Amino acid sequence: MSTNLDHATPQVGPPLWLLAEVTYACPLHCVFCYNPVDFAQHGQELTTQQWIHVLRDARAAGSVQCGFSGGEPLVRDDLEELVAEAHKLGFYTNLLTSGIGFTPERAKALKLAGLDHVQLSFQDSTRELNDFLSHTKTYALKQKAADLIKSNGWPMVLNCVVHRLNIDYIDKIIELAVDLGAEYLELANSQYYSWAQLNRDGLMPSREQLVRAEHITNTYREKLGDKLKIFFVVPDYYETRPKKCMNGWGNVFLTITPDGTALPCHTAKMIKHLDFPNVKNMSVKDIWYESKPFNHYRGDAWMKEPCSSCPEKTKDLGGCRCQALMLTGDAANADPVCDKSPHHQVVQDALALAQLPDEKRVDIKPLIFRDSINSKKLSKVE
C-alpha cells in the first residue's frame, strides 16, 4: 500500500455481508436484471458441498449476514440445505426471490431450516405491466408468494425496480404493498448496469417523472407513518456526486457468483484486467485480505485526478468502478456521475435524451429481455 501521506491506508475489516448468488438460472426475463449480460457463458455452478464450504469459510472470516440470491435461488433444490447450514453457523439469512417456486411446501421447509427474512420482488402493481417487464405470466404467483411470507411470519419486504415504464404508477405500487401487508417497500430506481445498461435509453425516467414520484412517495410516507416504511432510491445519474459504491470496494460486501468467482460487488467481473479469485482454489480469508483484485481499488492510492486531490474523496471513494468503466472505458476514472468528472457530459447526454417526450424518442431501440439466447448473442458481439 502507498505510504504517501496524501493517501489513506485502508483499514480492512471482515466481509460482513456475504451474497451467495447460487445460480444465474431464472424463470423471469427482466429488462433491468443486474446479472452479467454474458451469464450464459459462465462456468458450472458450485455443488452443494462446495457452497457449504463457502459458508463455513466466510463465517470463519467474519461474515455475519448471508443473502441467497441469483437468478432465482429457488431453482436450486438444495436451497433448504444451504439455508440450514447458514443458520447453524450463526448467519442472519435472507432470501431474495421473485417468488416463483415458493410453494407452501418449500416455504415450510425454509422456515424449519431457519430462514430469517424474505425479500420479494414485483415488477409493477398491475398484472399486465408486471408480466410484460418480466416477459412471463407471474403476477398471480407473486401474490401467492406474498401470502406465504405473511402466513409463515416473515417480515413482508417488497422490492420494486422503478424506471420510465412504471414510475408514473408509483402510487399504485405503494397501494399494492399496503394491500399485501408489507412492512417495508424498497422503490429502487434502476441503476444502469448489465441488462439495465443495455436498455438504459428505454428505462431512464425524466426529471419530471422522478420529482413527481418522489413527491407521491413522501405523501404516502406521511399518510402511512410506521405502517409501511418506504425507501426511495434515486438513480445515480440524477445525482451530482457518486455513491460510495457498496460502501467502498472490498470494505463490507462479498459476492460469490454461481461458479465460485469472488467479487467485491455484483457486477465487478466486467473489469476484465482484474483476474478475480475463485473459492475453489483460494480461501475466503485470503481472497478478502490478500488477493490483488480485492486490494486494487481499496482506499484511495489508486486514484487519478480529479479524485486524488478532491476533499470529498473519503466520502465517496471515487464512486463506482464499474460505472466508470462502462461510461469512460477506464475503471480508474472518476465516476462520470460526479459533476467534477471530466467525463460528466456522457451522463448529461443520457439525461437529455430522457427529458424528451415519448413521441420524440423515435430512435430508441427495442428492449432486450434477459434470457440465455440473448446472452449468447451478446457474448459473441463482445
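The values are calculated or read from the model by the stated rules, or taken from the named source; none is laboratory data. Keep in mind it's a predicted model, so treat the numbers as computed, not measured. Quick reminder, even Gly has a Cβ in these numbers, built from the backbone with ideal geometry, and neighbours come from all protein chains shown. Calculation scope for accessible area: heavy atoms of the full protein, side chains included, ligands and nucleic acids excluded. Shrake-Rupley method; radii C 1.70, N 1.55, O 1.52, S 1.80 Å.
HIS29 contributes an accessible area of around 50 Å² to the protein surface, as traced by a 1.4 Å probe with all chains present. Here r is the Cβ-Cβ distance between LEU112 and GLU208 and R0 is 35 Å; the resulting FRET efficiency, rounded to 0.05, is 0.10. Legend: distances between Cα atoms for LYS108/LYS142; LYS244/LYS304; LYS243/LYS360; LYS88/LYS315; pairs beyond 26 Å are LYS243/LYS360; LYS88/LYS315.
For region 1-144, count all C-alpha to C-alpha pairs, find those more than 22 Å apart, and express that count as a whole percent of the total. Within region 1-144, distances greater than 22 Å cover 47 percent of Cα pairs.
Taking Cα pairs under 8 Å and at least six residues apart, what relative contact order does the chain come out at, in percent?
Rounded, it is 21 percent for the chain.
Looking at the chain, the DSSP beta bridges with both ends there are about 10 percent antiparallel. Amide H to amide H distances under 5 Å link LEU95 with PHE68, HIS117, VAL118, GLN119, where only residues 5 or more positions off or on other chains count and H is placed in the peptide plane. For region 56-146, applying the loop criterion from DSSP together with a ceiling of 14 other beta carbons within 10 Å to the trypsin sites (Lys or Arg not before Pro) yields LYS137. For region 65-172, the relative contact order is 25 percent, taking Cα pairs closer than 8 Å that sit 6 or more residues apart in sequence and dividing their mean separation by the residue count.
As an exercise, identify the chymotrypsin sites (Phe, Trp or Tyr not before Pro) in region 280-323 lying in DSSP coil whose Cβ has no more than 16 other Cβ atoms within 10 Å.
Filter output for region 280-323: empty list.
Pairwise alpha-carbon distances in region 235-380 exceed 25 Å for 40% of all pairs. Taking 4 °C and 1.567 mPa s as conditions, the chain diffuses translationally at an estimated 60 µm²/s according to Stokes-Einstein applied to its Kirkwood radius (Cα pairs). Charged neighbours of CYS160, selected by a Cβ distance under 13 Å, balance to -2 (K, R count +1; D, E count -1). Relative contact order, whole percent, for region 188-271 stands at 25, derived from Cα pairs under 8 Å and 6 or more residues apart. Normalised per residue, the accessible area of the chain is 45 Å², obtained with a 1.4 Å probe and no contribution from ligands, DNA or RNA. Applying 0.36 nm per residue to the separation of ARG127 and ASP259 and subtracting their alpha-carbon distance, the gain on full extension is 44.1 nm.
At an R0 of 35 angstrom, the distance between the Cβ atoms of SER309 and VAL252 translates into a FRET efficiency of 0.85. In this simple spin-label model, placing a label point 7 Å from the Cα along the Cα-to-Cβ direction at both GLU222 and GLN50 gives a separation of 5.4 nm. Rounded to the nearest 20 debye, the dipole size of the chain about its Cα centre is 200 debye, using +1 on the Cβ of Lys and Arg and -1 on the Cβ of Asp and Glu.
Loop-located GluC sites (Glu not before Pro) in region 83-153 (DSSP state not H, G, I, E or B) with no more than 16 neighbouring Cβ atoms inside 10 Å do not occur.
Net charge of the neighbourhood of LEU356, taken over other residues with C-beta under 13 Å away and scored Lys/Arg +1, Asp/Glu -1, is -2. Subtracting the Cα-Cα distance of LYS272 and VAL64 from their residue separation scaled by 0.36 nm leaves 71.9 nm.
When Lys and Arg each count +1 and Asp and Glu each count -1, what net charge do the other residues less than 12 Å away from THR261, Cβ to Cβ, add up to? Cβ neighbours under 12 Å give a net charge of -2.
Label-to-label distance, SER372 versus HIS215, with points set 7 angstrom from Cα along the beta-carbon direction: 4.8 nm.
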